[in-house]
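Structure record follows, encoded as structure tokens.
The values are calculated or read from the model by the stated rules, or taken from the named source; none is laboratory data. Here the structure is a predicted model, which means the values were calculated and not measured. Ideal geometry is used to build each Cβ from the backbone, glycine not excepted, and the neighbour counts take in all protein chains shown. Protein only, heavy atoms only, side chains kept; ligands, DNA and RNA dropped before computing areas. Shrake-Rupley method; radii C 1.70, N 1.55, O 1.52, S 1.80 Å.
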Amino acid sequence: MTSTSEKIPFSVEIGRMIEVLAAQIYPSPYALLRENVQNSFDAILIRRHLGHDFQPQVQITIEPNRVTVSDNGVGMTRNDLRNHFWKAGSSSKNTAEARAAGVVGTFGIGAMANFGIAEELVVVSESALNGERTQCRAQRSTLSVTEECIDFISLDPTGVFGTVVSATMQEGKSIDVAQAVSYVKDFVAYLAIEVKVNSEIVSGKPIEGAVPPLVETWKHTEAKSVIGPFLKADVELTGSITGEVRIDLSNIELDGVNIYGRLVLRQGVGNLRTFRSRFGLATTGIASAYSFGGVADFLFLQPTAGREALTSDSVKVLQRLMAPIDEFVSIKLSERPESNANAHFVNWAASRGRWDLCGHLRVRVEPGDSATLQDVCARFHESEFIVYAGNDSAMIGLATAERPMVVLSRGSPRNNMELTFLRNRGKISELTDNPKVLSDKSPAEYSISESALAFRLSFILSNDYFLNADFGFGKMSHGLPILADRNSKPIRIVLDSDTPSVRLMLDVYDREYVAFGHMAKDFVRNVIFPIIADLVPSATRQGAEAFLKSIQRSREIFEYEVTDLENLTSLWQDYLNGKITMTQAATRKDAVARSYQVIDSTVAGTVRDVVPDVVDNERAMRGPHQPTFEAEPSIQRLDIETERKLLTIADNEESLKGYRCFIAITDRVREERGDFFLQPHRTSVVWGGQKALFIFEHQSGGFGLYYDVQTQSLIALQSGGGQYETCTIVMKNRIFIPVPEELRQSFLPKPGERKKLEVRCDILYIDRS
């Protein structure tokens, strides 16, 4: 019996391949709407740049099984359609003229965006350049790279230039019309041309209206104001009686070059919505002393191929603008009495050592009421007055009309700014009131529980915070439960056994030893850390840099940019040409793969079931919940592991720092970046559309992590975000980050539902210059 052999060609179902690539590049099933509307807008910009006199208009019709986008832009010639629209990776907008027109997209995605969910695509275009009118039609199921599969028909010109793109959905992939309309409105609302969706005009809103105005008590306007060494602009800065500020920049000059753009920021908004020629791009987070957020509309902003994020270069330019804007706002605000009410201003002044700007801060004067620092110095410019940094009523009672006393604020860094201003501008006598140990208990007198607590706390500080400390027991002045002697080496921390928080720990050791270990960790995190936070090695510049080097690893890429798209295209072509094997192609493809996480009811659990003591310990250590946005350590339960990926707290139970939902970061991020969460950090969250961006800032303020979560449906009807309390939970095999209450329902799977989340994570460098 003879054997036979044969060879067959490798066949490709190109329609399915395009569908897969489209799904990889575009995180939203409504991406065809964004892509087609953007192409229409770009066509209008190009025609207008050519000097044509016409009334620009885009009309969009959305039905459950069909989407039609029409425009009266420049249109496409037969060659444009053949060589660009129907050719992935090629764009007719990669020209100097198109860029001068301000076009939004230059990726050359063309028809591919539609075939993620469309079965048939019909395009009719009449070119304003040569008058050609052409109709094209293609079916996803018959697409081929080897055979003619796209019908081209020449039609009689009508003299009406523009393009109509009509996409018919695949069976079983109908569109939620209401959601799709909301999706479109989000990125066309501020276009200066008429855009209609199902006959409703949804554009034309003033972009500055995206940032609500203040109830203003003052305003500063200035043309061609010098904001920084490389930044000039027309400025409108407004402020309210609460100290809050809003700044509007236009006619901007960057590095000596006039740029088209608008930047409108408001304090505390947190998230920054970005635009290019007023066409909506992504929502991002920018580090600012005032937690500025709002809108940025610039031609230098470049979207990634998936449109749901900005390129890293774009974000860097935006971040570069923040430092001079922060300084400009701070200097102008310092001239106003409202600066007294703005904690962000005080923090900025303290970080720069600008005590000289703090003259409008008000301090308590005894006997009397309050006065600004500059008024105090003017009032007592020839006589010495007492400055007191404590709160002992007996001390304050020593003040007289002949010898008045200025009582400093209790909070830092404000009290330091007040004291520095008075030292430099006034004649003062400082009344010291340093807490001290009144009696020190001998170690021989320690109870067993006291000895155990001292040993355990010392071990936790050394092992978890890399800080050596000796613990003892005694009595302190001012009724303090704890006092740290920073001058001793190692530092000495004295506890008062009779105070409630310390007595609680001793009782736990005596009566419920099983809970003692976890309680001791929480005691260090809640009670001791705030006192010695600045002494933790990672809080210093050298310590932070050393830690950063330890987590510097190869960058994960989860979003396709231009080079990524080209890599995929060339990768597929190399495989078809036989230059590489399937194994090699798969290996290279992994370099640009996304990271996904699936959440359903099987991986959801309750906080009380997984980490049952956390909520109770938090209440016992902190008492009534007092929100803080400072850097805090994570809640650590490194001896407990779980397979859950989502933790919840029921509405009828006590929340954990206001949170009722916690989501696990992906295993890959935990393995590569998980050490970061063992360091004290701050937490911010911004969201918009289908994206939530979690920003974790290291205690040092020099760097952080961003964790970007993309959902398959709208995460919230309105964009939002800002600073939130840190409440990270670190377990043996999981790291859970808190989900703000506004987003909780978006992360909770319904019965039978599988939520697919796409994530990316990287180190975020923060420029504090």
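Around Ile227, which amide H atoms from residues at least 5 apart in sequence, or from another chain, sit under 5 Å from its own amide H, with H modelled in the peptide plane?
Hits under the 5 Å cutoff: Lys232, Ala233.
What lysines sit close enough to Lys205 to cross-link, taking a C-alpha to C-alpha distance under 21 Å and skipping anything fewer than 8 places away on the same chain?
In chain and number order, the partners are Lys185, Lys196.
What pairs from Lys691/Lys756; Lys657/Lys691; Lys224/Lys332 go past 21 Å between their alpha carbons?
Beyond 21 Å: Lys657/Lys691.
List residues of the range 468-510, by number, whose backbone nitrogen lies under 14 Å from a label position 7 Å along Cα→C-beta of Asp440.
470-476, 483-495
Counting other Cβ atoms within 10 Å, keep those with at most 16, restrict to DSSP loop, and tell me which trypsin sites (Lys or Arg not before Pro) in the range 674-738 are left.
Passing both the DSSP loop test and the Cβ count: Lys732.
Sorted by accessible area with a 1.4 angstrom probe, largest first, how do Phe54, Phe328 fall?
Ranking Phe54, Phe328 by accessible area, largest first, yields Phe54, Phe328.
With a Förster radius of 45 Å, plug the Cβ-Cβ distance of Glu200 and Glu630 into 1/(1 + (r/R0)^6) and report the FRET value to the nearest 0.05.
Once rounded, the FRET efficiency stands at 0.45.
Would you kindly state how much longer the chain becomes between Ser412 and Val226 on full extension, computed as 0.36 nm times their sequence separation minus their alpha carbon distance, in nm to one decimal?
So the chain would gain 63.8 nm between Ser412 and Val226.
Tell me, what is the FRET efficiency for Ile531 and Val317 to the nearest 0.05, using R0 = 25 angstrom and their Cβ-Cβ distance as r?
0.05
Residue-wise, which Karplus ³J(HN,Hα) couplings in Hz belong to the range 276-286, taking 6.51 cos²θ - 1.76 cosθ + 1.60, θ = phi - 60°, and x for glycine or proline?
These are the phi-based 3J(HN,Hα) values: 9, 6, 6, 8, x, 10, 10, 9, 9, x, 10 Hz.
Would you mind computing, in nm to one decimal, how far apart the modelled labels at Glu742 and Asp639 are, each placed 7 Å from Cα along Cα→Cβ?
Label at Glu742, label at Asp639, 4.0 nm between them.
Aspartates and glutamates near Lys219 by alpha-carbon distance under 13 Å, same-chain residues fewer than 8 away left out - which ones?
Excluding near neighbours in sequence, the set is Glu236, Glu244, Asp248, Glu335, Glu338.
Given +1 on the Cβ of Lys and Arg, -1 on the Cβ of Asp and Glu, and no further charges, what dipole in debye does the range 165-248 carry about its Cα centre, rounded to the nearest 20?
120 debye
Where the only charges are on Cβ atoms (+1 Lys, Arg; -1 Asp, Glu), what is the dipole of the range 265-353 about its Cα centre, to the nearest 20 debye?
That gives the range 265-353 a dipole magnitude of about 180 debye.
Students often forget the sequence filter, so: which lysines lie under 29 Å Cα-Cα from Lys441 once same-chain residues fewer than 8 apart are removed?
Cross-link targets: Lys475, Lys489, Lys521.
Apply the Karplus parameterisation 6.51 cos²θ - 1.76 cosθ + 1.60, with θ equal to phi minus 60°, to every residue of the range 507-521 and state each ³J(HN,Hα) to the nearest whole Hz, in sequence, with x for glycine and proline.
After applying 6.51 cos²θ - 1.76 cosθ + 1.60, I find 5, 4, 4, 6, 10, 9, 4, 4, 8, 4, x, 5, 5, 5, 4 Hz.
Would you grab the residues whose amide H sits under 5 Å from the one on Leu714? Only those 5+ places off in sequence or on another chain, please, with H modelled 1.01 Å from N.
Correct list: empty.
What is the spin-label model distance, in nm, from Asp651 to Arg66 if the labels are put 7 Å beyond Cα along the C-beta direction?
4.3 nm
For Asn83 and Ser351, compute 0.36 nm times the residue count separating them, minus their Cα-Cα distance, and round to one decimal in nm.
Between Asn83 and Ser351, full extension yields 90.9 nm more.
Scan around Ile735 for amide H atoms under 5 Å from its own, H built in the peptide plane at 1.01 Å from N, and keep only partners 5 or more places away or cross-chain.
Ile665
Accessible area, 1.4 Å probe, largest first: how do Ser719, Ser40 sort?
If we order Ser719, Ser40 from most to least accessible, we get Ser719, Ser40.
Once R0 is set to 22 Å, what does the formula 1/(1 + (r/R0)^6) return for the Cβ-Cβ distance between Asn733 and Asp616, expressed as a FRET efficiency to the nearest 0.05?
After rounding, the FRET efficiency stands at 0.40.
Using protein chains only and a probe of 1.4 angstrom, how many square angstrom of Ile649 are accessible, to the nearest 10?
Rounded to the nearest 10, that gives 10 Å².
Highest mean first, how do 259-267, 351-359 rank when packing is the count of other Cβ atoms within 10 Å averaged over residues?
Ranking, from highest mean packing down: 259-267, 351-359.
Using the Karplus curve 6.51 cos²θ - 1.76 cosθ + 1.60 with θ = phi - 60°, work out ³J(HN,Hα) for each residue of the range 443-460 in order, rounded to whole Hz, and write x for Gly and Pro.
Once rounded to whole Hz, the list reads x, 5, 8, 5, 6, 4, 5, 5, 4, 5, 5, 4, 5, 5, 5, 5, 5, 5.
I need the shape label for the range 244-296. Rule: rounded when a/c is under 1.5, else prolate if a/b > b/c, else oblate, with a, b, c from the alpha carbon gyration tensor.
oblate
Full extension from Thr217 to Arg754: what is 0.36 nm times the residue separation minus their Cα-Cα distance, to one decimal in nm?
That pair, Thr217 and Arg754, stretches by 188.3 nm at full extension.
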